[in-house]
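J.: Have a look at this one.
The values are calculated or read from the model by the stated rules, or taken from the named source; none is laboratory data. Values in this document were obtained by computation on a predicted structure and should not be read as measured data. Note: ideal-geometry Cβ built from the backbone for every residue, glycine included; neighbour counts use all protein chains shown.
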Amino acid sequence: MTIPAKKLRPRPRAARGAESLLLDAGGHRLDDLPRERLARCGVTALRDDELLALVLGTGVRGASVIDVAADVLRHHPPEQLVTMDLPQLQDLRGLGRAKAGTLIAAFELARRGLRQGLGLLPGISAPADAIPLLTDIKDQRKEFFLCLYLNARHQMIHKEVVSIGSLSASIVHPREVFQMVVAKSAASIVLAHNHPSGDVTPSREDVDLTRRLQQAGQIMGIDILDHLIIAADQFLSLKEEGYM
């Protein structure tokens, strides 16, 4: 049926500037969403919560991704967020296992880029210099034994988890420690492991293992510079304590 033209009503005109006032489901202006601001202003113009929102990708029921990101950073600032492990991240409101895994991967990729792609190799001249490199094991519930492989200038060129043990012990064989020395042309090693109990006092097994590895290193011409024991809020250097 044809409607007479005189009965047709024209579509109301949008108010001036209405295009820029369109909102998403969370009440945020569409032209102010992180992806649009990234394209328009560049990455350096984005706030921390906007950067996090871009990595997370989506929000959850009842909360947009920008709301989730802002809530996470309200309780955990960036410098703390990058040190958290997978179980800690996935327990945060709005994340879950998939988004936590994405964050872990993004943080690690950034660290590798800084250390390798930009040529920034962390130097270790004292035990405290190695602690920032061990944050991923300090809160683990099992005992992780890892090695920091250094070049002749005492710069870390590789980090390797050699063994994962039980709540109170890990099993380490010298072969596993020294095979990476050859692969990476390392000049020296810093040993490290965590104590899930929180007590960094070295056990007899810790001391014996350190001395066995020192002996093996002497045969190969590789210095074992130190053996660090780390827990959630403290660490101990076997060298400084006179065990080496």
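J.: Restricting the search to the range 174-206, which residues are of a type in the set (S, T, Y) and within 22 Å of K138 (Cβ to Cβ)?
T.: Passing the criteria: S197, T201, S203.
J.: Here's another thing I want to ask about it. Only one of these is surrounded by 15 or more Cβ atoms within 10 Å (Cβ to Cβ), in the same structural domain as V161 (by TED's automatic domain parsing) and more than 27 Å from the chain's Cα centre (by Cα): G221, G217. Name it.
T.: None of the others qualify; the one that does is G217.
J.: Does V177 satisfy the criteria of being in contact with a strand residue (DSSP E or B) (Cβ under 8 Å, 6 or more places away or on another chain) and either farther than 14 Å from S237 by Cα or of a type outside the set (S, T, Y) (or both)?
T.: yes
J.: Write out, first by first residue and then by second, each pair whose Cβ atoms fall under 6 Å of each other, whose residues are 6+ apart or on separate chains, and whose first residue, in the range 80-108, is within 17 Å of A70 (Cα to Cα) while the second is of a type in the set (K, R).
T.: These pairs meet every condition: Q90/R97.
J.: Does I137 satisfy being surrounded by 19 or more Cβ atoms within 10 Å (Cβ to Cβ), assigned to a loop (DSSP other than H, G, I, E, B) and either basic (K, R) or modelled with pLDDT of 85 or more (or both)?
T.: Yes, satisfied.
J.: Of the residues that make up the range 195-206, is at least one crowded, with 19+ Cβ neighbours inside 10 Å, within 23 Å of L86 (Cα to Cα) and touching a residue at least 60 places away in the same chain (Cβ under 8 Å)?
T.: Scanning the range 195-206, I find no residue that is crowded, with 19+ Cβ neighbours inside 10 Å, within 23 Å of L86 (Cα to Cα) and touching a residue at least 60 places away in the same chain (Cβ under 8 Å), so the answer is no.
J.: Going by what's in this entry, would V161 be described as within 14 Å of Q140 (Cβ to Cβ) and not assigned by TED's automatic domain parsing to the domain that holds Q80?
T.: yes
J.: Here's a check for you: in the range 224-244, which residue that is assigned to a loop (DSSP other than H, G, I, E, B) and small (G, A, S) is nearest to the chain's Cα centre (by Cα)?
T.: Among those residues, the one meeting the criterion is A232.
J.: Scan the helices (runs of 4 or more DSSP H) fully inside the range 61-133 and keep the ones with 2 or more residues being modelled with pLDDT under 85 and among the aliphatic types (A, V, I, L, M).
T.: Passing ranges, in order: 96-112.
J.: Okay, moving on. Take the conditions surrounded by fewer than 16 Cβ atoms within 10 Å (Cβ to Cβ), under 29 Å from Q234 (Cβ atoms) and among the polar types (S, T, N, Q) and apply them to Q80. Does it pass?
T.: yes
J.: Pick out the one residue from A152, A187, A192 that is in the same structural domain as I219 (by TED's automatic domain parsing), surrounded by fewer than 17 Cβ atoms within 10 Å (Cβ to Cβ) and aliphatic (A, V, I, L, M).
T.: Of the residues listed, the single one that is in the same structural domain as I219 (by TED's automatic domain parsing), surrounded by fewer than 17 Cβ atoms within 10 Å (Cβ to Cβ) and aliphatic (A, V, I, L, M) is A152.
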